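Following: one structure in structure tokens, then a few remarks.
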Amino acid sequence: MTPTVIIIGIVCLVIGAIIGMMFSKSSLNSKAKFILDDAQKNAENIIEKANVQAEATRKEKHLQAKEKFLELKSQHDADIQARERKMQEAEKRIKDKENKLNDDLNKTAKLEKDLDKQIADYSRKNEIIEKKQQELDVANAQKVEMLEKISNYTAEEAKNDLVELMKSEAKSRAQSHVQSIMEEAQMNAKNEARKIVIQTIQRIGTEQAVENSVSVFNIESDEVKGRIIGREGRNIRALEAATGVEIIVDDTPEAILLSCFDPVRREIARLSLHRLVTDGRIHPARIEEVVEKTRKQIEEEIIEVGKRTIIDLGIHGLHPELVKIVGRMKYRSSYGQNLLQHSREVANIAATMAAELGLNVKLAKRAGLLHDIGKVPEQESELPHALLGMQWAEKYGENPEVINAIGAHHDEIEMTSLLSPIIQVADGISGARPGARRQVLESYIQRLKDLEATALGFDGVSSAYAIQAGRELRVMVESAKVNDEQSAQLSYDISEKIQNELTYPGQVKITVIRETRSVNIAR
């Protein structure tokens with residue numbers, strides 16, 4: 001019996017008692033008694049129903065518990081069966097491994113037995129051979145002794161006389177052969193050399209493109225020109241100051257000219273313009289940000305070009321700094337001839353010559369690629385490019401023959417290996433072809449570099465760019481170090497130094513630019 005049923009019974013009894021008491025006070029005692037009896041019967045009925053309900057609830061809970069027990073027992077039996085199955089599988093694998101191991105041991109034992117048998121057979125045959133050799137040595141000794149008695153001439157004396165006779169005969173024959181070979185070589189040397197050079201040129205013929213100092217940037221419409229120029233020309237001035245390239249906006253339809261003697265600067269300006277026009281946001285701060293990102297991209301591209309070049313030529317183990325220098329060759333020219341194409345051509349020519357002469361082809365190709373690395377320094381050097389390249393090659397652990405070939409290809413140092421004259425000849429072949437080089441462009445680029453270096457030598461100058469083919473020099477100064485009055489004096493001093501120290505055609509306009517920026521951030 002549950003507590004609920006008991007409580008209900010007690011409540012009913014209490015109610016009945018209260019009703020009885022109420023009716024006991026009245027005069028109708030009989031009616032109260034009847035009501036009390038009826039209440040008691042109702043209470044008994046309620047208690048009986050509660051007992052029946054409690055019994056049904058107990059049986060239901062007992063049945064649910066039994067079902068849960070059967071379910072858990074079934075799951076437990078399944079887990080036990082799974083574990084037993086896994087144990088049986090593991091035992092089977094172990095037995096298989098044991099059987100395989102026993103088979104291997106049996107095979108090994110059989111092989112060892114066969115090997116011991118073969119060793120015994122070999123030892124027996126070796127003893128027989130040694131015995132036969134001893135008998136043969138005794139027979140030979142007897143024959144030699146018999147011949148010495150007959151001829152009164154010992155074997156050692158006979159050997160010495162025979163050797164001397166053979167030496168004199170071989171010497172006379174060798175001298176005659178050497179003389180004939182030398183005469184034939186002298187007759188054919190020039191023809192063979194010409195043949196090797198001609199075959200090399202035929203096999204390594206490459207196209208040659210002459211570098212220029214102007215790039216054309218195509219635009220979709222002339223409306224973009226106004227956005228590039230900006231209000232009062234501020235955008236174009238910011239772009240020229242950031243890249244050092246002269247931006248020429250004229251009446252040419254749908255085109256802008258980029259003029260600069262340095263191909264790296266022109267490429268940075270071209271890519272920066274392309275990004276700015278594509279993005280649509282063109283203002284000085286954005287221009288400086290895009291130019292800086294483009295400059296980093298060009299540096300990564302230089303490394304990638306160097307890696308592709310050494311892979312194409314089959315060169316391995318090159319120092320990372322030398323790979324970067326090779327990549328910079330793409331943006332340099334030598335007398336109008338692209339330096340990277342020239343170096344690749346020299347590498348192939350030298351490799352072909354080395355193959356024809358039976359020398360190390362890989363070293364020849366390596367030296368040919370690196371022979372002009374001294375022409376691409378990040379900072380100007382007073383050393384000749386051959387000696388500078390030799391120092392770099394020695395610094396980065398190149399082969400001594402390669403180092404000597406780099407330093408000696410213009411006769412700055414003495415040649416100590418056969419590889420050095422091959423590189424010198426290959427360099428001459430590559431540069432001597434008609435149309436491959438232009439002397440004028442090299443002197444023109446050097447003149448522009450001298451103009452910029454002169455301006456950078458003054459205190460307070462942050463950057464300087466020669467534009468308009470060297471007719472104008474734009475000098476950017478630091479506003480904290482140079483005021484407006486000093487800017488005018490600096491322009492005069494630079495013009496005087498250029499006039500007194502440099503040689504140039506026509507006249508040079510010196511423009512000193514001083515810019516003050518005030519930047520605040522609204523938060």
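As an exercise, use a Förster radius of 51 Å and the Cβ-Cβ distance of Ile181 and Ile311 to find the FRET efficiency, rounded to the nearest 0.05.
Numbers: r = 42 Å, r/R0 = 0.83.
Working from the Cβ atoms, E equals 0.75.
Roughly how many Å² of Leu105 are accessible to a 1.4 Å probe, to the nearest 10?
Estimated to the nearest 10 Å², Leu105 gives 100 Å².
Per the Kirkwood formula on distinct C-alpha pairs, the Rh of the stretch 306-432 is how many angstrom? Present the calculation step by step, with values, prior to reporting the outcome.
Working: mean 1/r = 0.0713 Å⁻¹.
Result for the stretch 306-432 stands at 14.0 Å.
Ranked from the most accessible area to the least, with a 1.4 Å probe and all protein chains present, what is the order of Cys260, Cys12?
Numbers: Cys260 5, Cys12 30 Å².
The ranking, largest first, comes out as Cys12, Cys260.
Rounded to the nearest 0.05, what FRET efficiency is calculated for Asn99 and Asp77 with R0 set to 35 Å and r the Cβ-Cβ distance? Intermediate results must be reported in sequence, preceding the final value.
Details: r = 33 Å, r/R0 = 0.94.
My answer for the efficiency is 0.60.
Could you calculate the FRET efficiency of Glu84 with Ile128 from 1/(1 + (r/R0)^6), where r is the beta carbon distance between them and R0 is 41 Å, rounded to 0.05? Intermediate results must be reported in sequence, preceding the final value.
On the way: r = 66 Å, r/R0 = 1.62.
FRET efficiency, Glu84 to Ile128: 0.05.
Taking the Cα-to-Cβ direction at Val519 and at Leu357 and moving 7 Å from each Cα, how far apart do the two end points lie in nm?
Spacing of the two 7 Å Cα→Cβ label points: 5.8 nm.
So how strong a dipole does the stretch 243-387 carry about its Cα centre when Lys and Arg Cβ are +1 and Asp and Glu Cβ are -1, to the nearest 20 debye? Mind dumping the intermediate values first?
Details: 20 positive and 22 negative charges, 111 e Å.
Value, rounded to 20: 540 debye.
Ignoring ligands, DNA and RNA, please state the percent of accessible area on the stretch 354-418 from carbon and sulfur, probe 1.4 Å.
Numbers: 1620 of 3390 Å².
Result for the stretch 354-418: 48 percent of the exposed heavy-atom area is carbon or sulfur.
Ignoring ligands, DNA and RNA, how do Arg366, Arg85 rank by accessible area with a 1.4 Å probe, largest first?
Working: Arg366 35, Arg85 130 Å².
Ranked from most to least accessible, the order is Arg85, Arg366.
Enumerate the lysines that Lys97 could reach by cross-link, defined here as Cα to Cα under 18 Å, with residues fewer than 8 away along the same chain left out.
Result set, ordered by chain and number: Lys86, Lys107.
Report the label-to-label distance for Lys107 and Ala285 in nanometres (one decimal), using points 7 Å from each Cα along the Cα→Cβ vector.
7.7
Zone of Ser479 (label point 7 Å along Cα→Cβ, backbone N under 17 Å): which residues in the stretch 226-243?
So the set is 234-235, 237-239, 241-242.
Compactness ratio of the stretch 54-148: Cα Rg over 2.2 N^0.38 Å, N = residue count? Please report the intermediate quantities before stating the final value.
Details: Rg = 40.8 Å, N = 95, 2.2 N^0.38 = 12.4 Å.
Rounded to two decimals, the normalised Rg is 3.29.
Leaving out same-chain residues fewer than 8 places away, which lysines sit with a Cα under 23 Å from that of Lys375?
Lys296, Lys307, Lys324, Lys330, Lys362, Lys365, Lys395, Lys449
Hey, can you grab everything whose amide H is under 5 Å from the amide H of Ser462? Only 5+ residues off in sequence or another chain; H modelled, so Pro and N-termini drop out.
Correct list: Met476, Val477, Glu478.
Whole Å is fine, so just give me how far the alpha carbon centre of the stretch 324-382 lies from that of the stretch 64-96.
76
Tell me, rounded to the nearest percent, the portion of alpha carbon pairs in the stretch 228-354 spaced more than 24 Å apart.
Numbers: 3297 of 8001 pairs.
Summing the P(r) tail past 24 Å for the stretch 228-354 gives 41 percent.
In the stretch 44-91, how does Rg compare with the Kirkwood Rh, expressed as the Rg/Rh ratio over alpha carbon atoms? Don't skip to the answer; put the middle values down first.
Numbers: Rg = 20.9 Å, Rh = 13.8 Å.
My calculation puts Rg/Rh at 1.51.
The values are calculated or read from the model by the stated rules, or taken from the named source; none is laboratory data. Since the model is a prediction, treat every value here as computed from it, not as a measurement. All Cβ positions, even for glycine, are placed from backbone atoms using ideal geometry, and neighbour counts span all protein chains on display. Heads up: the accessible areas ignore ligands, DNA and RNA and are worked out on the full protein's heavy atoms, side chains in. Shrake-Rupley method; radii C 1.70, N 1.55, O 1.52, S 1.80 Å.
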